Protein chains: 2
Amino acid sequence: MSETLDVIIVGAGSAGLSALRQVRKRTQRFVIINDGHWGTVCARVGCMPSKLLIEAANAFHRRSTFEEFGIHGADRLTLNIPDVLRRVRRLRDDFVASTLKTTEELGERAISGHARLLAPDRLTVNGQELRARNIIIATGAHPVVPSSWQKLEERLLTTDTLFEQETLPSRMAVVGMGSIGIEMAQALSRLGINVVAFNSNQAVAGLTDPQVNSIAIEQLEHEFPIHIGNEADLEILHDGVQVYAGSTKVMVDCVLAALGRRPNIENLGLETLGVSLDKHGMPPVNPNTMQIADLPIFMAGDANDQTPLLHEAADEGYISGINATHASLVCFKRRTSLAIVFSDPDISVVGCRFQDLDSEKTLTGEVHFDRQGRARAGQRNKGIMRLYADAENGRLLGAEMCAPAGEHMAHLLALAIDRSLTVQDILRLPFYHPVLEEGFRTALRDLAAQLPTGNESDLATCGAFDIEALD
Amino acid sequence: MSETLDVIIVGAGSAGLSALRQVRKRTQRFVIINDGHWGTVCARVGCMPSKLLIEAANAFHRRSTFEEFGIHGADRLTLNIPDVLRRVRRLRDDFVASTLKTTEELGERAISGHARLLAPDRLTVNGQELRARNIIIATGAHPVVPSSWQKLEERLLTTDTLFEQETLPSRMAVVGMGSIGIEMAQALSRLGINVVAFNSNQAVAGLTDPQVNSIAIEQLEHEFPIHIGNEADLEILHDGVQVYAGSTKVMVDCVLAALGRRPNIENLGLETLGVSLDKHGMPPVNPNTMQIADLPIFMAGDANDQTPLLHEAADEGYISGINATHASLVCFKRRTSLAIVFSDPDISVVGCRFQDLDSEKTLTGEVHFDRQGRARAGQRNKGIMRLYADAENGRLLGAEMCAPAGEHMAHLLALAIDRSLTVQDILRLPFYHPVLEEGFRTALRDLAAQLPTGNESDLATCGAFDIEALD
C-alpha cells in the first residue's frame, strides 16, 4: 500500500473542482478520482447546454411579437433543429474544455475510475487501495428514471442524452415540471416541437406560493398543455410512446424524463464509515462544514442532496477544500437562498419560501406585470412578483415570482435579503424610468402601505423617503 | 384680485404632478397652471415613446443573430416604419392618457396658460393675477436647437416631432451623442435608416471613464458611423441637408437635433424674485429642499437644470410639494446617483463618476463581457463594466459600464452603493449560474484581489466568504 495522502477528492464536477482549487493551495499530496466523463455536469449536460438551447428557442419565439411591433415576414422564418443542436454542442464543448484544463495538467494525480470507500480514511479505485487523512466526496447526481421506463430505449431521453441528439421528433412528452422540466419543455415547444407536459403534484418549478404557481402554470399553458396531479405511466407502442396520466392519454415520439436527480452514492461504500445512514443511504452532512458526522470526510455538491445548484455546489466544494486541509474545522455561514428557473417569464424563489413563513407574522406585497409600463413597451407584460416581509419590522424575508427579467430582480432581492434590509430601506433605491424594477417598487409600496407608518420628521431626519407612482 | 391660495404649481409635467400629489393631501386651496400640451414630457415625447421605438428596433435587429442560432429566413423579414410609428403613438397615447387623468378631474383648479411671476407670491396667467403663500415652478425643459438650424423646417427633427412622423427618410443625421442621441441613433439605425452621428466632444452618453467610453463608441460604430470632436454645421440644399463636422461632409434627408434640453425659464419672471440669477438666468435652488434662496418658491424637475431625469424630477416634485405645504422646511437626503442610456448594450453610470474620484484613493475592477458564459449563450457578449472602490476600506463608490443587462445590474449596484457596502459584502451575494451578474462578480473579484486580504478565521467568523470562478 502506498503513502498516506493529505486529501482524496472523489468526483471532478463543479464541487470537486472547487474543492481541488482550495486543496492545491495548501498541499500537493492529493489525488482526484473521477468516474465516467471528465468535465462538469453544469458544462456537459446541465446549466450551459440548456441555456444554449433556451436562447435559440427564445430568439425564435420572439417572432410572435413581430407583427405588433411592425415587423413583417415572421411566418417565413424557419428553425432548423439539427443546426440548433449543433450550435449547442459546439459552444458546450468549449465550456467543457475550460473545465477540463485544471485536471488535465494534474498528470497521475487525476485518476479515472470508480472509487469505493473501505473506511473513513481508505478507498479503493481500479483495484488499488489509497489512504488519505481527509476524503472529499463530490460524486454528483444522475437523472432519475423509473426502472420500468428503461425499456423505451432511444425513445426515452434525459438531459444526459438530449443535447446529443442529431435532431428531435415532432411529438415529445416532458415528465416532471421542476426547473429542468420547465426549461426544456418550454424551449422544445418554442423550437416548434409539439410538447405535452406532466407533473404529478400541483406545484411546479419549486414554487410554494399558490398564486405565483398558478400564474406560472397559466403562462406556460399558453404555449403547451400541462397535465397536473397524476403520475405519468408510459407504454411503448410500435409507432411511439403512449403517456397515461389520470384520464389523459397522449401519443408521443419520445419522452424526456425530468423527474429530478439522485445522488451518485450507490456502491460508494458509505456503509463502511460506521455512521448511521438515512433511508436513502445518505450519511449526516453538516451544511456549514460539509463534514460527515465527526469523520475526516466531507461531502459536497449534488452528492449530498442538500441544495443541488451550481453556486451551492461550488460553495460546498470550497468549504470542503478548506476543511480538508485546515488544522481545525471552519464553520461557514451559507448564502441567502436563491433559485432561478430560466423560463420566460423567469421563475424565481429568493430567501424564505412562502410555505416556510408564519402567515400571522408576515405581510405580502405583490405586483402584476400585465400593466407595467416598460414590460408593455417590450411586449413582455406578464407575470407576478410576490414579496414577503416581517410584519413587525418591515424586513424583507423572501420572494416568489414569475416575472420578466426575474433573474435580474432575484439578485437585487437576494442582496436586500442578505443585508437584512427593510422595505423602506429598499425604497430609497433610485428606480430608473422606465424599467421593470419599477414593478418591484410597486410590490414594495404594496408592503409599505401595510406597515405601521413613520411620520414626516422621521422621513426627513433619516433621509429615507419614497416617491409615489407617477405612471 | 382673488383670494390668496396656499399653493400655485406652475407646470403639470412629472415634477408638477408629483408636487400636486403631495399638495392635495394637505390643502384644496391650490391651482396648477400648464402652458401648452398637458401630459408629461416623459409620456408624450420622452422616456416612453423612445422606449417603444427602441423595443421595435431591437426586436428587428435581433435577426442578425438568427443564422448563428439555427434560425433561417431572417433576410425575408421586413420592417414597416409607418407601422412602427403608429404603434409608438398608440401606446404613447395610452401612457399620456394616464398622466392626464389627475389634472382632468381638477376642473377650474387646472389652468391652461403661460404663467409669469410678478413677485415671490404673485403671478399672472391669461391676464389674471394670482397670489399664493407658496409657488412651485416645474416648467420643464425643451430641446436645444441652434437658431440657425430653424431654417431647416421639416428637415429638422427633435424628440418633440420625431414620434409624430408618419414615416422616416432613408438618411438621417443625429447630432449629439448624449442619452437621447445615442438611444435614437441606434434605434433609427436598427430600423433600417442610414444614420450618421455627430458629437462635438469625446465623451458620449454621460460617460467619464475613458475606457468605458471608447468601448461604448466602438460598439455603436459597428452599427453606424460616429463623427467625434467637431461641432456639426448644417447647410440646406435642394435635395437634403449637408452636415459638416471638421473635414467630414455628409448628405442626409433630415437631422435629429439631440443637443440636450434647456429649462423653460424664459419669460417666467424669475428676475422679479429679487435674487441673483446665474448667467443662464437660473436662481439658486437648494437640492435638498428645492427652495429658491429663502423664498416661499420651489423649483423642481428639468426646470432647475440639476438632474433632468424622470425619477429625480418626481423626487423634486415630492420635496417641493411637501415643503410648499409644511409649516417648517424639511430637508431631504437625495438618492444615489443613477443614469441609464437604453442602448444595446446599455450604458450606465452609478454612484460616483470616474472623473470625480481621487485616483490615488480609488481601486478599479473590471470585466469584459466578450468571454462571459451566459452572454455568449445569448449572443450578447460585448461590453465592459468598471467598478470603483475606496482603496482603504473596500467600499463600492461607483461604476460606469456599457454592458448587456446593464440596466438591471445598475440597480443592483445602486443598492450596494446606497447601503455603503464593501466589495466583500457584495461578494456574499448568491450569484446564480449562468447569469450576466457573474460578470459583475468577476469585476468585484478583480477589486477584491487588490484589497488588503483578510485571514481565514475572519472568513469563518464573519461568514463572509466568496467562491472562486468556475467558468
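The values are calculated or read from the model by the stated rules, or taken from the named source; none is laboratory data. Just so we're clear, the structure is a prediction, and the values are computed from it rather than from any experiment. Note: ideal-geometry Cβ built from the backbone for every residue, glycine included; neighbour counts use all protein chains shown. Accessible surface areas use protein heavy atoms only, side chains included; no ligands, DNA or RNA. Shrake-Rupley method; radii C 1.70, N 1.55, O 1.52, S 1.80 Å.
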Inset, instruction - Please enumerate the residues belonging to the stretch A:10-67 that are free of Cβ contacts under 8 Å to residues at least 60 places away in the same chain, more than 23 Å from the chain's Cα centre (by Cα) and within 8 Å of chain B (Cβ to nearest Cβ). - result: A:ARG62, A:PHE66
Legend entry - Filter pass, B:THR272 being open to solvent by 20 Å² or more (accessible area, probe 1.4 Å) and in contact with a Leu (Cβ under 9 Å, 6 or more places away or on another chain): yes
Inset, instruction - Scan the stretch A:284-301 for residues that are assigned to a loop (DSSP other than H, G, I, E, B) and surrounded by fewer than 24 Cβ atoms within 10 Å (Cβ to Cβ) and jot them down. - result: A:PRO284, A:ASN286, A:PRO287, A:ASN288, A:THR289, A:ALA293, A:ASP294, A:LEU295, A:PRO296
Inset, instruction - Using the structure shown, decide if B:ALA339 is part of a strand (DSSP E or B), touching a helix residue (DSSP H, G or I) at 6+ places or on another chain (Cβ under 8 Å) and either at pLDDT 95 or above or at the interface with chain A (Cβ under 10 Å from one of its Cβ atoms) (or both). - result: yes
Inset, instruction - Tell me, please, whether a residue that is under 30 Å from B:LEU20 (Cα atoms) and more than 10 Å from chain A (Cβ to nearest Cβ) can be found in the stretch B:75-89. - result: yes
Inset, instruction - Output yes when any residue across the stretch B:174-192 is touching a Gly at 6+ places or on another chain (Cβ under 9 Å), farther than 25 Å from B:LEU310 by Cβ and either outside any strand (DSSP E or B) or not assigned by TED's automatic domain parsing to the domain that holds B:ALA59 (or both), and no when none is. - result: no
Legend entry - Among the candidates A:ASN323, A:ASN267, A:ASN288, residue that is more than 14 Å from chain B (Cβ to nearest Cβ) and of a type in the set (S, T, N, Q): A:ASN267
Inset, instruction - Determine whether B:ASN304 is in contact (Cβ under 8 Å) with a residue 24 or more places away in the chain and open to solvent by 40 Å² or more (accessible area, probe 1.4 Å). - result: no
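Kindly indicate whether B:VAL41 is outside the structural domain of B:SER343 (by TED's automatic domain parsing), open to solvent by 10 Å² or more (accessible area, probe 1.4 Å) and touching a strand residue (DSSP E or B) at 6+ places or on another chain (Cβ under 8 Å). I'd like the intermediate steps shown before the answer.
Numbers: outside the structural domain of B:SER343 (by TED's automatic domain parsing): yes; open to solvent by 10 Å² or more (accessible area, probe 1.4 Å): yes; touching a strand residue (DSSP E or B) at 6+ places or on another chain (Cβ under 8 Å): yes.
Spelling it out, B:VAL41 is indeed outside the structural domain of B:SER343 (by TED's automatic domain parsing), open to solvent by 10 Å² or more (accessible area, probe 1.4 Å) and touching a strand residue (DSSP E or B) at 6+ places or on another chain (Cβ under 8 Å).
Say whether the condition of being closer than 25 Å to A:THR336 by Cβ, away from chain A (no Cβ under 13 Å) and open to solvent by less than 10 Å² (accessible area, probe 1.4 Å) is met by at least one residue in the stretch B:399-422.
Yes, that holds for at least one residue.
This table checks each residue for (1) in a strand (DSSP E or B); (2) outside the structural domain of A:ILE347 (by TED's automatic domain parsing); (3) among the β-branched types (Val, Ile, Thr).
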{"site": "A:ALA205", "(1), (2), (3)": "no, yes, no"}
{"site": "A:THR208", "(1), (2), (3)": "no, yes, yes"}
{"site": "A:ALA216", "(1), (2), (3)": "no, yes, no"}
{"site": "A:LEU220", "(1), (2), (3)": "no, yes, no"}
{"site": "A:PHE224", "(1), (2), (3)": "no, yes, no"}
{"site": "A:ILE236", "(1), (2), (3)": "yes, yes, yes"}
{"site": "A:GLN242", "(1), (2), (3)": "yes, yes, no"}
{"site": "A:VAL255", "(1), (2), (3)": "yes, yes, yes"}
Inset, instruction - Determine which single condition B:ASN80 fails, assuming it passes every other condition in (1) polar (S, T, N, Q); (2) open to solvent by less than 70 Å² (accessible area, probe 1.4 Å); (3) in the same structural domain as B:LEU237 (by TED's automatic domain parsing). - result: (3)
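Quick check on this structure: which one of B:ARG386, B:ARG380, B:ARG376 is open to solvent by 10 Å² or more (accessible area, probe 1.4 Å), within 14 Å of another protein chain (Cβ to nearest Cβ) and either under 24 Å from the mean Cα position of the chain (by Cα) or aliphatic (A, V, I, L, M) (or both)? Before the answer, list the steps.
Values: B:ARG386 fails: within 14 Å of another protein chain (Cβ to nearest Cβ); B:ARG376 fails: either under 24 Å from the mean Cα position of the chain (by Cα) or aliphatic (A, V, I, L, M) (or both).
Just one listed residue meets the conditions, B:ARG380.
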Inset, instruction - Examine the stretch A:313-329 for a residue that is in contact (Cβ under 8 Å) with a residue 24 or more places away in the chain, part of a helix (DSSP H, G or I) and hydroxyl-bearing (Ser, Thr, Tyr), and state whether such a residue exists. - result: yes
Inset, instruction - Specify the residue that is surrounded by the fewest Cβ atoms within 10 Å (Cβ to Cβ); the eligible residues are those in the stretch A:423-437 that are more than 9 Å from chain B (Cβ to nearest Cβ) and touching a residue at least 40 places away in the same chain (Cβ under 8 Å). - result: A:GLN424
Legend entry - Residue ID - least open to solvent (accessible area, probe 1.4 Å), chosen from residues in the stretch A:315-341 that are small (Gly, Ala, Ser) and under 13 Å from the mean Cα position of the chain (by Cα): A:ALA339
Inset, instruction - Can you give me the number of residues within the stretch A:77-127 that are among the polar types (S, T, N, Q) and over 28 Å from A:ALA327 (Cα atoms)? - result: 6
Inset, instruction - With the condition kept exactly as written, say whether any residue in the stretch B:126-135 is aliphatic (A, V, I, L, M), at pLDDT 95 or above, farther than 30 Å from B:HIS238 by Cβ and under 29 Å from the mean Cα position of the chain (by Cα). - result: yes
Legend entry - The lone exception for B:VAL145 - which of (1) open to solvent by 60 Å² or more (accessible area, probe 1.4 Å); (2) away from every other protein chain (no Cβ under 14 Å) it fails: (1)
Inset, instruction - Could you tell me whether B:LEU91 is under 23 Å from the mean Cα position of the chain (by Cα) and crowded, with 24+ Cβ neighbours inside 10 Å? - result: no
Legend entry - Single match in B:THR161, B:THR208 (criterion: touching a Lys or Arg at 6+ places or on another chain (Cβ under 6 Å) and surrounded by fewer than 18 Cβ atoms within 10 Å (Cβ to Cβ)): B:THR208
